[in-house]
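Written below as structure tokens is the structure these notes are about.
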Amino acid sequence: MLSRCFATIIAAAAFVPCAGRAEVAGKWVAEMTSPTLLEPAYIRVVLARTGDSVTGAWGTEIVKGTVKGSTVSLALADTGGRDAGTLTGKIEGDEGAGVGAMAGVGRRGGRGATGSGARAPALQEVAWKLTRELTPPAKPREISYDPTTFQAYYYAGNKPGIHIFPGDIVHTWAPDSAGTDKNLKRVALGGNPNIGPIYVEGALPGDTLVVHLIKIEPNRKTARQGSRIQQFGVTPAYNLAAKYDPQFNGEYQLDNATGIAVLTAPTAALKNFKVTMKPMLGCISVAPPGFEALTGPHLGVFGGNLDYNGTVSGTTMFFPVFHPGALFGFGDGHAAMADGEITQTGLEVSMAVDFSVEVIKGYQTQGVREEDSDYIISFGVAGSLQEALKVSTAQLAAWIKHDYGLSDSEVALLLGAVMKIEVTELVDPEFDVVTKVPKTSLAMLIKTPGNGN
């Protein structure tokens, strides 16, 4: 068992880079700014030094240059040998900065055009900063994280509560949607407060964050559920005619050992009613793209209030990364919840959660994805159910094409034969539809990489 440490000792500054203090060589992250960019672009950089010569890669561009003292002059070329810019500045210790001109800034990974007939992008004025890539610990750590800050909105400006490395196993917890903890103490405002955000070292825009949900389990004995069907779940006529009891008691008693929930004070009609628990996270996300700031009930390409009752222990989720560190968070635990969340609640409860992460560098999923033991799963979020279905199906088709090399006709045949659809969210600001394909069907495919788009 790896030793357990607390969040207070995992700050990124605690990790000393492996390279010498004055050495240009090594792995870096470049932050590129330009008058033509609304926000910085981030690029992985690898530099090597032989005497006064510098070689390496600036994203996909080839680097050749010189170093004298701390001053560097770098010439960039694309993979076709064409001029991709020049950069000058200083590198001292674990940081560097300078200016120059570069082609393709703002394109993912700083790429220029490629191919013999491609037109090279125009050079544009840039400023650059280098930060040495942190060296992860020799072995993944186990971290006990007791969150003290909670965010009821998704925003890249939220200050991280913890920094972790890929491979670390984190033991933590999250309050329920009303902001109460395992002792029913209010620790945050309501509206789906999420823990963190959690900064994942090494995650950059254009990557995919992979989250392994090891354990999701209620950490208290009671949950609550609403007892009114929301307007998007029924016709207006039913909604107007319904006579709901304002004193109705929707509290449950939870038994983790048996996995059964029963009402604390059931009516005569519900005295035999039991719910099989399926603990899940309603909210799980990275920071949304750009400068978006969205409240806790929202959902989108970044995740958020997805409310999929398949987000349970043992599943793996995939998120597109839009900002350095990904800024991962979660909350809104449910001991169980029906499809669509038609009462705008599940069995709301705080959760104990164990998870670990990985980063797929240089590949960004189109939206949120998930895998369990039986299915690959695609999320589609939009302003209508039909559009959400289209988004989900398109991502699922692109996923299979990418991973299995199928043609469009082959993908169409596969989805038309075995695809399943679930409506996960009906009553929040956006709709969420899940499409999925059984892994047993995928196991029959013969992969032909390069055929898919």
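Looking only at segment 29-48, how many residues end up being farther than 16 Å from Thr88 by Cβ and not in a loop (DSSP other than H, G, I, E, B)?
Adding up the residues that qualify gives 8.
Here are some residues: Ser350, Ser378, Ser373. Which one is surrounded by fewer than 17 Cβ atoms within 10 Å (Cβ to Cβ) and either modelled with pLDDT of 95 or more or acidic (Asp, Glu) (or both)?
Result of the check over Ser350, Ser378, Ser373: Ser373.
Yes or no: Phe322 of a type outside the set (S, T, N, Q) and open to solvent by less than 40 Å² (accessible area, probe 1.4 Å)?
no
Tally up the residues in segment 398-434 that are in contact with an Asp or Glu (Cβ under 8 Å, 6 or more places away or on another chain), open to solvent by less than 40 Å² (accessible area, probe 1.4 Å) and either in a loop (DSSP other than H, G, I, E, B) or not hydroxyl-bearing (Ser, Thr, Tyr) (or both), please.
Residues in segment 398-434 being in contact with an Asp or Glu (Cβ under 8 Å, 6 or more places away or on another chain), open to solvent by less than 40 Å² (accessible area, probe 1.4 Å) and either in a loop (DSSP other than H, G, I, E, B) or not hydroxyl-bearing (Ser, Thr, Tyr) (or both): 10 in total.
Could you say which residue among Pro140, Pro136 is at negative phi and crowded, with 16+ Cβ neighbours inside 10 Å?
Of Pro140, Pro136, the one residue that is at negative phi and crowded, with 16+ Cβ neighbours inside 10 Å is Pro136.
Yes/no per residue for (1) more than 30 Å from Gly325 (Cβ to Cβ); (2) of a type outside the set (Ser, Thr, Tyr); (3) at pLDDT below 95; (4) under 17 Å from the mean Cα position of the chain (by Cα):
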position: Val210; (1), (2), (3), (4): no, yes, no, yes
position: Arg224; (1), (2), (3), (4): yes, yes, no, no
position: Ala237; (1), (2), (3), (4): yes, yes, no, no
position: Gln247; (1), (2), (3), (4): yes, yes, yes, no
position: Leu254; (1), (2), (3), (4): yes, yes, no, no
position: Gly259; (1), (2), (3), (4): yes, yes, no, no
position: Ala265; (1), (2), (3), (4): yes, yes, no, no
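Determine if segment 441-449 includes at least one residue that is farther than 30 Å from Asn192 by Cα and open to solvent by less than 40 Å² (accessible area, probe 1.4 Å).
Yes, because at least one residue in segment 441-449 is farther than 30 Å from Asn192 by Cα and open to solvent by less than 40 Å² (accessible area, probe 1.4 Å).
Can you tell me which of (1) polar (S, T, N, Q); (2) more than 24 Å from Gln124 (Cβ to Cβ); (3) open to solvent by 50 Å² or more (accessible area, probe 1.4 Å) is the one Ser70 doesn't meet?
(3)
Could you run through segment 382-441 and say how many residues are farther than 27 Å from Ile342 by Cα and either among the aromatic types (Phe, Trp, Tyr) or touching a Cys at 6+ places or on another chain (Cβ under 8 Å) (or both)?
Final tally of qualifying residues: 2.
Among (1) open to solvent by less than 60 Å² (accessible area, probe 1.4 Å); (2) under 22 Å from Leu281 (Cα atoms), which single condition is Glu358 missing?
(1)
The values are calculated or read from the model by the stated rules, or taken from the named source; none is laboratory data. Note that the structure is predicted; figures quoted are calculated from it, not measured. Counting neighbours? That spans all protein chains shown, and the Cβs are built from the backbone with ideal geometry, glycine included. Accessible surface is based on the protein model in full, side chains and every heavy atom, while ligands, DNA and RNA are left aside. Shrake-Rupley method; radii C 1.70, N 1.55, O 1.52, S 1.80 Å.
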